[in-house]
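The values are calculated or read from the model by the stated rules, or taken from the named source; none is laboratory data. As the structure is a prediction and not an experimental result, all values here were calculated from the model. Note that each Cβ is placed from the backbone with ideal geometry, even for glycine, and that neighbours are counted across all protein chains shown. These accessible areas exclude ligands, DNA and RNA; they are computed on the full protein's heavy atoms, side chains included. Shrake-Rupley method; radii C 1.70, N 1.55, O 1.52, S 1.80 Å.
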Amino acid sequence: MKIFLTILFIIFFFISSFSQEQHEIDSLKNLLEKENNDSVKFDITIKLFNKFNEKKDTSISYEYLKKAKKYLNIKDKNILIYRYSNISNIYRKLNNFDSIIFYYKKIADIFKGQKKYENYINYMNWAGYYYTYLGEDDKSVEILLDNLRFSEKNKITKQISRIYMFLAFGMRRTNQEKAKEYFELSLKNEKDTMSSTYFTSLNELGNIYNSKNNFQKAIYYYERSLKIKEILKDGSIVYSYNDLATLYHRFGDLEKAAFYMEKTIPLREKTSNKYEICFGYINLSSVYIEMGKFNEAKIFLDRSLKLAEELKMNTLYKNLYNAFYSFYKKKKDFKNAMESFEKVIFYKDSINEEESVSKIAELDKKYKTEKKEAEIKLLQKDKEKDNAIIQKQKILVFSIIIFLILMIILAFIFFKSKEKQKKANEILFERNVEINQQKEEIQVQAEHLKDANNSITKQKNKIEESHKQIRDSINYASRIQNAIMPNMNLFEDNFSEYFIMFKPKDIVSGDFYWAKKINEYLIFVAADCTGHGIPGAFVSMLGVSLLNEIVRKKEIKKSNQILNELRKEIKISLRQDENEIKDGMDLALCIINTKKNELQFSGANNPLYLFRNNELIEFKADRQPIGIYRKEKDFTNHVFQLEKNDLLYMFSDGYLDQFGGEKGRKFMRKQFKEVLHKNQNRTMIEQKNILNETFENWKKNTEQIDDVLVLGVKI
């Protein structure tokens, strides 16, 4: 009798909970209709969105989100910040990163107007960080560098270490060495060694050494970060477990990889971040596949697919179908493996085309050889499906009985467990004592570690003080050099598309680009000064200064005359007639008459490439530099009528002379032309990404030997 009453109570509890939830929603709706105060109505609308979102009623929840946005047209800035924050929090739950960035910038602008600069910097930091989720690392770096300049100008030192950390996030995909440098700068500038900035930078340095296959250093940084998070009981410990699992996975210790990855799952599931949950499922399934645990792997792959279809994010689809490909390939199910790999290709633009075709052909061949057997199995599966439907119908008939039986069993277990409760509590008390002792030991170790770090820091400061002044001077020179580069608006206003691939070998560069518009004449230059680093940077700044003077004051509008005058001024400035200094520059200079659509080109050792209708037209440069030369002559002026969709490319020799590839040879001009020709029908941004990826794949672990500059525009 008692058991039966318990079952009835449980059923009543579930029904009343549902009824109470609906009653709360109805009350909020009625209150929204009667309320006149906009602030209260906004809060009610947000609550209703959350209620329907939790019920996964997307259409209704989005209607309330639209209503909430109608209350954003107010003058009170503090209330507006509050409402923007609520809206951005909703978009965080929905993983809508474009909207998060939009509202974070709105909040930052208000704080800037109120001169609350630390709050302004904080929100702009996060806006820059979320650009990395969209794959727009260039925008992330641009925002964060502006933040760094703003912090230095206004002497807001508390934010410097955090800006360095976010800058590193923005660079880690494209320039890992630069990302490593910024994470190290973050550690150096962060005074609180127990802060989130400190342990995050430690963890990310571990990731970088992991990608470089440096197991020992990766473990060193991971464990330092993990110890701090364990002391603080910080929620981001899930990322430490994930990164340790990834490390052990890469180095073949699948048991440890599974151990750490399994620890991440309950932590991810406690959050409302579907992206993180899906990402964790994919990673765990990949480990299970390699361990041969196919049943467990399939469970997490199916969960991942359900979440990915809700989020509709290409990055998730790419990783998910790559895991499905490995799963089916291991199980020798080549039909599904081929279908999965085709989806990987669809969602991963950067995958190697020849490798993709080869893998598909291999899978297609294996699939055809087993096609007849698969057809037989398919017929058998259809039969099994029919049987399964019949079985489900039987299960439906007995489901209520089974439910009652289960409830009786649960009630029995519950009453039985009360007899053992006393003993269990004693065991739990003993374990709590042990845990507290371990906690005290960890805290003591943390204090010793902090003291040791402080001692090491003091010793290092003495050694690094002299280097700091040099680095600061170089960094300041870099900012000056960046400041004299032309405004991108000049390119955006005059070309349908463009890109600038600029990769200095050192902090400062001997390559530079320059542009100026005088009336209808648009003049732009890509130059390569003698050397790189500081010497090259001095010559580049001299070149920019002289070009500005020649074009503005002397109003020369012939490309060859500009180069003749520039050579004359360089020789005078460097006193090349009085000594043996042979510094100078190679460059390509274009002038476009925007009214006539007419091109002038002159080059000092550097040519101009023009693509029109799949055909390359090369404008040769004069074989002489800008500077003293034993056989000097006037530069040639090439004149050419442009057409719509013509593509122009100017470049330094850094890309062509880079050593790499399987045989460690130079990239060379021929291969450079092939890359441009093959991708000329893509957008200029896509071309820039392809050029950058080709360069990095060619260079790999080889040191960059020179500054790299490639400038492309579309008429």
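Its alpha carbons considered, the range 232-345 gives a radius of gyration followed by a Dmax of 13.9, 49 Å. Among the listed pairs Lys47/Lys106; Lys55/Lys298; Lys75/Lys106; Lys41/Lys67, those with a Cα-Cα distance over 20 Å are Lys47/Lys106; Lys55/Lys298.
Once the 1.4 Å probe is applied to the protein heavy atoms, the range 230-317 comes out at 49 Å² accessible per residue.
Look at where the Cα atoms of the range 271-347 and of the range 551-592 average out, and the two centres are 59 Å apart. Averaged per residue, the range 642-715 has 52 square angstrom of accessible surface, using a 1.4 angstrom probe with ligands and nucleic acids left out.
One Cα centroid belongs to the range 112-186, the other to the range 491-516; the line between them spans 22 Å.
Based on Cα contacts under 8 Å between residues 6+ apart, the range 579-630 shows a relative contact order of 36 percent. Average accessible surface for the range 36-184: 51 Å² per residue, computed with a 1.4 Å probe over protein heavy atoms with every protein chain in place. Note on the range 488-625: Cα Rg divided by 2.2 N^0.38 Å, N the number of residues, gives 1.07. Between their Cα atoms, which of Lys155/Lys458; Lys503/Lys699; Lys516/Lys699 are more than 22 Å away from each other? Listed pairs above 22 Å: Lys155/Lys458; Lys516/Lys699.
When the pairs Lys233/Lys274; Lys217/Lys263; Lys115/Lys450; Lys595/Lys714 are compared against a 28 Å limit on Cα-Cα distance, Lys115/Lys450 fall above it. Each of the peptides 189-197, 531-539 was scored by the mean count of other Cβ atoms within 10 Å over its residues; in descending order, highest first, they stand as 531-539, 189-197.
Scaled to the globular estimate 2.2 N^0.38 Å, the Cα spread of the range 18-73, given as radius of gyration, is 1.09. Peptides 669-677, 34-42, ordered by how many other C-beta atoms sit within 10 Å of their residues on average, highest first, read 669-677, 34-42.
For Asp511, the residues whose modelled amide H falls within less than 5 Å of its own, excluding neighbours fewer than 5 places apart on the same chain, are Cys529.
Of the two radii for the range 581-715, the radius of gyration is 0.99 times the Kirkwood radius, both from the alpha carbons; that is the Rg over Rh value. When the alpha carbon gyration tensor of the range 272-326 is reduced to an equivalent ellipsoid, the three semi-axes, largest first, read 18, 11, 8 Å.
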